[in-house]
1. Can you sort HIS344, HIS277, HIS239 by 1.4 Å-probe accessible area, starting with the largest?
2. List the residues of region 275-314 whose backbone N lies under 14 Å from a point placed 7 Å from the Cα of SER354 along the Cα-to-Cβ direction.
3. Give me the net charge for the shell around PHE114: Cβ to Cβ below 14 angstrom, other residues only, Lys and Arg +1, Asp and Glu -1.
4. I'd like the accessible area for VAL366: 1.4 Å probe, protein heavy atoms, all chains in place, Å² to the nearest 10.
5. Which links in LYS48/LYS338; LYS334/LYS355; LYS134/LYS338 stretch past 31 Å when you go from one Cα to the other?
6. So what does VAL89 come to for accessible area, using a 1.4 Å probe and Å² rounded to 10?
7. R0 = 41 Å: FRET efficiency of GLN53 with ILE336, Cβ-based, nearest 0.05?
8. Based on the Cβ-Cβ distance from LEU32 to ALA111, what FRET efficiency comes out when R0 is 30 Å, to the nearest 0.05?
Amino acid sequence: MLYWLLYEKLFPFFHPFRIFRYLTFRTAFASLTALLIALFIGPWVIQKLREFQIGQFVREDGPQSHLKKTGTPTMGGVLIGIAILLPTVLWSDPANPFIWITVFSTFAFGAIGFADDYIKVVQRRNLGLTVRAKLFWQCMVGLLVAAALVAMDQFKLFSTRVSVPFIKSLRPDLLWHAWPSTIPHLALFAFVPFVIWVMLWLVGTSNAVNLTDGLDGLAIGCTIIAAAALAVLTYVSGHVVFADYLELQRMPMVGELTVFCGSMVGASIGFLWYNAHPAEIFMGDVGSLALGGAIGTVAIIIRQELLLPFIGGIFIIEAVSVLLQVGSYKLRKKRIFKMAPLHHHFEQLGWSESKIIVRFWIGALVFALFALTTLKLR
């Protein structure tokens, strides 16, 4: 909104407003705006959640040290959502369709999480949404995002070619372009591989962040690192000089997502102020699903989804630990870890909560730095 008003409308009359054309300037101020919004409205949100008695339910079969967290205000993802949306609208170009696709995905996944939290906390049903219901709605959001990107591809504003880390010459296309010409009545199936691809990544990423959200500040700290890495990737992908130098797929319009990533970094830092151990508020599914959806959507748009296992390395490890635990128990009736997700395993080994959180943050930082090095190691 400020970009449209101060640069596109008022710049011809007041030339110092040219500064608003620079992506780095708007990204920095989007981050600061998001941080200030989260810090200032955080106490009000916490108070309102307490008034509505929206407190965290802690399962009794989990770590016993967590029982004291029962009743801590949850659904704090609402705070994160507000702190991301307002700076994005203020500082980004409202004419950029990728901004709105990402905003839609973030808040659609957040709505699913909100429904899950509402059922668990307000209606006192501990399991929330059923697994089938949650996966169904997540897939529907993934389908809509994929459909929007396919439409963008038809207008030559988006590429369905996937960037493969370390191999710059390999860019497989997920659209079957041969089908429309050879079998016209099956042309619609040309989009199936890409649609499935997008759905899998978005569902997987959103649930991975959700599984990581088990300790004070763990998930939000890893989100800060992942969002910062994505900010770098979106900037270089949309920059003509850097994209050509690094031999990336250059998509000029995706650079605007740097503002969104900056807002996500600022909002996450602001939320961490209140979520740091001992937490005053938890993000809940409304926050974790939204952040996971945002991370996955940005990575897909800039065609770097294959870097997600490194950008969000801790998220992936946490999700894999749950899959291995469940699979091992069903097949062998034996557990691999003392408890899953992985952070609970280390709690059972006697590690303090703060030590686990900081060490996982260090691991997330190492993964993110490795993801950035792949831009040159090609």
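The values are calculated or read from the model by the stated rules, or taken from the named source; none is laboratory data. Computed from a prediction, not measured in an experiment: that's the story for all the values here. Here Cβ is always computed from backbone atoms with ideal geometry, including for glycine, and neighbour counts include all displayed protein chains. The accessibility values were calculated without ligands, DNA or RNA, using every heavy atom of the protein model including side chains. Shrake-Rupley method; radii C 1.70, N 1.55, O 1.52, S 1.80 Å.
1. Solvent-accessible surface, decreasing: HIS277, HIS239, HIS344.
2. Taking a point 7 Å out along Cα→Cβ of SER354, the residues of region 275-314 whose backbone N falls under 14 Å are 276-279.
3. -1
4. 90
5. LYS48/LYS338
6. Taking all protein chains as shown, VAL89 has close to 40 Å².
7. 0.60
8. Details: r = 27 Å, r/R0 = 0.92.
Efficiency, from the Cβ-Cβ distance: 0.65.
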